Structures are given as structure tokens and as C-alpha cells.
Amino acid sequence: MKRLTTGSTVSLFAILFLVFALMNRDLISGWFSHVTPAPADSIRGEWVGKMQISGIYDPNLRDIQKDAVIRFNLNVTDSFLKKYGGSGELTIAGETPQTIEIRDLWPETSPGDNTLRAGIWLDGPTRDNDPISGEFKGTFEPGILSLKRTINVSLGYVMQGVLHKGTDAEYEALLKQMTQQSNAEK
């Protein structure tokens, strides 16, 4: 029986590693996505933007409209299914910031279809009749993410907005702008 030389052993391991890497490229790219910066045209990364909320329940049955500011950071959560998720914050005008979790943001896989669906959930103890948590639908274009949640109630609750790739500083600037606008309206 012939003994493998060091060169043959290294070549064999290199070939096996290459085959393993090719078979698991989605898994490996998912690992690296957590440490590499997100490209500008990727859905991965930090998103910020304004949201408008209408149809909020009011005991006087008035249609109340409020502004909100949202930020979250998306990472790959399932590289095989190409799902994304992450955590962030939502601040509704006049209310304290709320921690949110994005789950199962799943872009359509059909070519030319830029629609997506996602779950946005308040993190921590849920409130009664939480209108924020649940399914959102939207679209993704490089650099622009639109989200919309509609709840079928008599007042027609809708929460929608357009987000862009941003930073914590942009989020803070949007918060300041929303607070100044709310104070000016009072």
C-alpha cells in the first residue's frame, strides 16, 4: 500500500475544502455577511426613515394621524432562503422610543419582482391591541425600502413609510425634526 505524501495530503484537503465550500456557499456567505460591510445596493445594512400612521383608535372616534421615525439594522438570518432580520427602534411622535425586532424580511425571488414581506414586532412585553406588531408588505429598490401595514378596522389603520440607507446620526436628526414639528403644532 502506498503512503500519501505531504503534498498529496494537502491537495486532497484543498479539494475537499473546495467541494465543501461550493456546496455550502450560501451558508458561508451568511457567516461573512455579519462581518463585512453591506454594499450600498444591498438590503442588508442600516435603514432609517419617517413613517406616517393614520386611523389610530380614539375614544372620540376622530381620525388621528401621527408621524413616527424608525431605524433598524438588517442582517442575513437564513442564507438559504435569503431572509433578513435585525433589531432597531421606533419612535412615534409624543411617545417614548420602542425597541423593535424585524423578523423574516423576505424579498420575492421572482425576477423583476421587488416586493417583500416582513414581520416587525415590539420587543419586550406587548401592549393590549398592539397595532405595530405584525406583517408589513413593501418593496425594495437599491437604497430605498418602503413598508406598509394595514389593519382592517372601522377607521382603517395604516402605518407606512419610505426608508433609506442611513446612520444613527440621521435617525437622531429625524427625531429632532419630528419633535420640533410636533411642538410647533401645539
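Taken together, the values in this text are just the output of simple stated rules run on the coordinates, not laboratory data. As the structure is a prediction and not an experimental result, all values here were calculated from the model. Quick reminder, even Gly has a Cβ in these numbers, built from the backbone with ideal geometry, and neighbours come from all protein chains shown.
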When ranked by the protection proxy of mean other Cβ atoms within 10 Å per residue, highest first, what sequence do the peptides 7-18, 139-150 form?
-> 139-150, 7-18
What length, rounded to one decimal in nm, is gained on full extension from Gln177 through to Glu101, with 0.36 nm per residue of separation minus their alpha-carbon distance?
-> 24.9 nm
Once the Cβ-Cβ distance between Ala40 and Ser87 is put in as r, and R0 is 22 Å, what FRET efficiency do you end up with, to the nearest 0.05?
-> 0.55
Estimated vicinal HN-Hα couplings, Hz - the stretch 169-178 in sequence order (Karplus 6.51, -1.76, 1.60; Gly, Pro = x) = 5, 5, 4, 4, 5, 5, 4, 4, 4, 5
Pull up the cross-link candidates among the aspartates and glutamates for Lys66, meaning alpha carbon to alpha carbon under 16 Å and not fewer than 8 places away within one chain.
-> Asp58, Glu95, Asp130, Glu185
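Of Lys50/Lys137; Lys83/Lys137; Lys137/Lys176; Lys50/Lys82; Lys148/Lys176; Lys82/Lys148, which pairs sit farther than 19 Å apart, going by alpha carbon to alpha carbon?
On the way: Lys50/Lys137 16 Å; Lys83/Lys137 14 Å; Lys137/Lys176 28 Å; Lys50/Lys82 26 Å; Lys148/Lys176 23 Å; Lys82/Lys148 21 Å.
Pairs exceeding 19 Å: Lys137/Lys176; Lys50/Lys82; Lys148/Lys176; Lys82/Lys148.
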Scan around Arg44 for amide H atoms under 5 Å from its own, H built in the peptide plane at 1.01 Å from N, and keep only partners 5 or more places away or cross-chain.
-> none
With each label point set 7 Å from Cα along the Cα-Cβ vector, what nm distance links Ile151 and Ala184?
-> 3.0 nm
